[in-house]
Every structure is written in C-alpha cells, then in structure tokens.
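Step one of this worksheet: look at the structure below.
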Amino acid sequence: MAKSEIVRAIKGMNDIVPFAPENFLDSKIWQKIVHAAEETFEAYGYRFVRLPVVEDTQLFIRGVGSETDIVSKEMYSFEDRGGRRLTLRPEGTAGAVRAYVEHSYFHHQPVQRWWYLGPMFRAERPQKGRYRQFYQIGVEFFGVDSVASDVEILCTLNRFFQALKLDTLTLRINSLGDEKSRQNYEATLCVFFDKIKKDFPDDLHDRMKNNPLRFLDSKVFRQSGHADSAPDMIDSLSEDARTRFDGVLSGLNRVGIPFKRDPTLVRGLDYYSHTVFEFSTQDLGAQDAIGGGGRYDQLVSELGGPATPAIGFAAGIERLALLLAAQEEQDKAFELCILPMEGYAQEAIILAESIRDVGDIKIEVDLTGLRLKAMFKRADKIGARLAMVVGEDEIAHKRSTIRDLSQRDAEQEVALDARLIHDVARDMLDGRMGSDES
C-alpha cells in the first residue's frame, strides 16, 4: 500500500462519530440510546456488566447450537498463538451465562439482573441494518422461573422503547413450550414439510427434515406462500406450557402492552424455550426486528452449571439509531456557544465554567480564533441552538446578548451573571422568552 493511500474501515464495520455522513451513525444518537438504556434498566434493578469480546469457540458451539447459521456460517473464529480456538462474540447471552457459571453465582446469589452493551461480530453480507460489526444492548435475568418474570422483562423492554419515543413497534410473541411440546411440534412440522417440499429446491429438503424449527424461521420459508398455513405451535403445547403461556398473555393485557401472537416465531437460536418474542417495525424494510429474546432455562446447565431458569433480550443499536434518525431531528450537539473576541478567550472559559456550575447547559467555547461572523456560522454548522459574544464591550458593560440561531431575530439581552445566563438560556431552549433580569 502506498504511503499516501488512505486506510479505510473494513466493509460492514462503521465509525460512530460526530456529524457522521449518515445520520444514524452520529454519536449523538448513540449516546441518547445508551442513556435511555441505562436509565431504564437500572430503574428495574439491573446492574451493568462488561464481558470479553473474545471467547472460547466451544462456548458458542455448545451454547448457541452447532447447526445454527451463526455457528455454521457467520462466526469470526481463529487460532491464537497458543493454538486455542477463539471467536469474536456473535451474540451476548452465551458470554453472560459463561460468566454466571464461572463465578458461581448460582451458589451465593442466584438471582441476578444484568445489562450490557457492546460490539458483536458476524461474517454476513453487509446491508442496511445488518453489519459485520454491530452493537447490541442486552438484558439477562437469572434465577427466577415465573410468568411474572416473563411479563416484567417485556415491560422493561417496552419501557426502554417508550423512553426513545418509538411508537411504531409491534410486539410479536409465541411459546416454544417445554421439551415435550417442542418434540411434538417438530414431528408435526416434519409431516407438514413433507407435503410441501416439492415446492422448494432439493438442497433444502434435508434441512426441512433435520432442523424443522430452523427452516420455519428461515427467510425462504417466511417468504413462501406456505407460511400462513404452517401448523400452529400452540396446538402442540403441553397442558403446563399452555397454562404458562396463557398467563403471560393475560399479564400483558393487564399491564396494557399490546401484542400480536405469531405462531411461526421461534427465534434463531437453539437455547430458547417457552416464551419467545420480538419487537418489529414496518419502517426499516426487510430488517424489521428491533429487539427480541425469550426464556433459556436449560442454557446454564448446558454450560456446566446447575439447572437455573433465565430469560433475556437484546436490541440492535444500529436499527434503533436508524429509526431515531428517520423519525426526529437530532438533538443539538451544543445548547450554547460562547464566542470570544480576540484576547477574551480566558474570560469566556471562566464564564462557561461558572454557568456549568449552575446547571446542565451544554456549552462550547469557540477557541478557533475566527472572526465573529465566521464563529456564528460555525456555531450554526455544529448544531448549537444559542450563541453569545464575550468581548471588550460585553465585559465593560457587564452584559451580552443570547441569540437563538434557529429563529431569526430571536435574542435576549442578559447581564454577565452565570445564574442569570443559565436561566435565560434554559427558558429560550424550552421556548419561554422572558424579560431580562438584571
């Protein structure tokens, strides 16, 4: 590679930066999503965990399932210098369960509520809403087996979406039942697929027979004319599994969360049982799933721990960011820009610090040394809502003028007092234009 040639990011792996060329990759939107997650999940008693990005490959073979597309086609796996087979994590639940088992939480504190965020990696063809390095926010709830825990975790995810003001989402829900229910359903599916297999290519016939749930979840089947006539999982549920699922639906009705029961929803991973769910939207085209999850009561024991009930979900940050970028104007990066005239940068910095001491106004002091007209242009370009000048006249008269850059001729004179500037700026930001207080 020539010295002058630009080194670019790997295809399907994005920079999250301020003023990104594509709005959904703007770091301001991502900060908003992360803040909403933190506020929501911690209000429900979840504690933040940060887990390794690289894990032993066997974790995902055992935890996710060797026959899933993730493990068989999409993982970034490699051998390190010590000959160990390692994998960049393709999803978050397996790593969380590994940590739960490794640190023996089931002995000393079995009930755990965790949330996390971070990058995941899958070797897929990049497209809108699907990337090779993508980011997820996830929640895992260990140690409680009850209908109430299913309902509450759906309340948690629903409230997170409400915090982001996303009101075009649909909750789709189904039950995979217990092991007996699943076996009954797979047998029923095999009979159904045997009748329609002539309508699918020969190379899919073995998959239809050996992995009927996986084929039911596949894009090729969902887009076929047979999806609506597939057997309904609910008819294969055992009595206990049906009672449990009815309890979950009743609970959702009681808390006022609308839902659509989707008889073909099975999720794409082997570890799920009983309740499974997805929130989807019509606003993103083919990549319509925004977040989803379900119960995985056998996974802790599969990875070496005792039988431990658990439920969780994950939401894709890129898809959330796409919705936010499309639905609403981005928040202003700075609420107030202070523009110092030549020789008055220090006074501007001191004033900004005093205003920050008063309250939560987001302030940038322009230290570029540009002429005043250029500083006003820059303030508007970087997304500031308000701007004020600090120079010889302002210091001499102990007054300045706060201008609203989003409204022509909207301005207010104010004394150079940190609290007064804060209060007047906050009123202007909130749409309240009051009189100057001296």
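Below, the figures for the structure above:
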{"quantity": "Local net charge near VAL17, Cβ-Cβ under 13 Å (Lys/Arg +1, Asp/Glu -1)", "calculated": "-2"}
{"quantity": "Unit Cα scatterers, Debye sum, segment 98-172: log10 I(q)/I(0) for q = 0.12 Å⁻¹", "calculated": "-0.52"}
{"quantity": "Percent accessible area from carbon and sulfur atoms, segment 32-91, protein chains only, probe 1.4 Å", "calculated": "47"}
{"quantity": "Convex hull of Cα atoms in segment 195-271, direction-averaged projection (nm²)", "calculated": "6.5"}
{"quantity": "Proximal charge balance of HIS205 [Cβ under 13 Å; K/R count +1, D/E count -1]", "calculated": "0"}
{"quantity": "Charge sum, other residues only, whose C-beta stays under 10 Å from PHE78's C-beta, Lys/Arg counted +1 and Asp/Glu -1", "calculated": "0"}
{"quantity": "Cα point-scatterer Debye curve for segment 165-221, base-10 log of I(q)/I(0) at q = 0.13, 0.19, 0.20, 0.23 Å⁻¹", "calculated": "-0.43, -0.72, -0.77, -0.91"}
{"quantity": "³J(HN,Hα), Karplus 6.51/-1.76/1.60, whole Hz, each residue of segment 297-312, x for Gly, Pro", "calculated": "5, 9, 5, 4, 5, 4, 9, x, x, x, 4, 9, x, 7, 8, x"}
{"quantity": "Shape parameters for segment 286-438, alpha-carbon atoms, Rg then Dmax in Å", "calculated": "23.6, 74"}
{"quantity": "Segment ARG130-ALA345, extension gain: residue separation times 0.36 nm, minus the distance between their alpha carbons", "calculated": "72.9 nm"}
{"quantity": "Solvent accessible area, Å² - TRP30, 1.4 Å probe, full protein context", "calculated": "20"}
{"quantity": "Rg [Å, one decimal], Dmax [Å, integer] - segment 1-157, C-alpha atoms", "calculated": "18.1, 61"}
{"quantity": "Heavy-atom surface of segment 332-438, accessible at 1.4 Å and reported per residue (Å²)", "calculated": "57"}
{"quantity": "Mean projection area, nm², convex hull over Cα of the chain", "calculated": "28.6"}
{"quantity": "Computed E for SER406/ALA307 - FRET, C-beta separation, R0 41 angstrom, nearest 0.05", "calculated": "0.10"}
{"quantity": "q = 0.12, 0.20 Å⁻¹, segment 236-297: log10 I(q)/I(0) [Debye, one scatterer per Cα]", "calculated": "-0.35, -0.92"}
{"quantity": "Residues with amide H under 5 Å from that of VAL365, placed H, sequence gap 5 or more", "calculated": "ILE338"}
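The values are calculated or read from the model by the stated rules, or taken from the named source; none is laboratory data. Treat the numbers as computed from the prediction; the structure is a model and nothing was measured. So basically every Cβ, Gly included, is an ideal-geometry build from the backbone, and we count neighbours across all protein chains shown. Accessible surface is based on the protein model in full, side chains and every heavy atom, while ligands, DNA and RNA are left aside. Shrake-Rupley method; radii C 1.70, N 1.55, O 1.52, S 1.80 Å.
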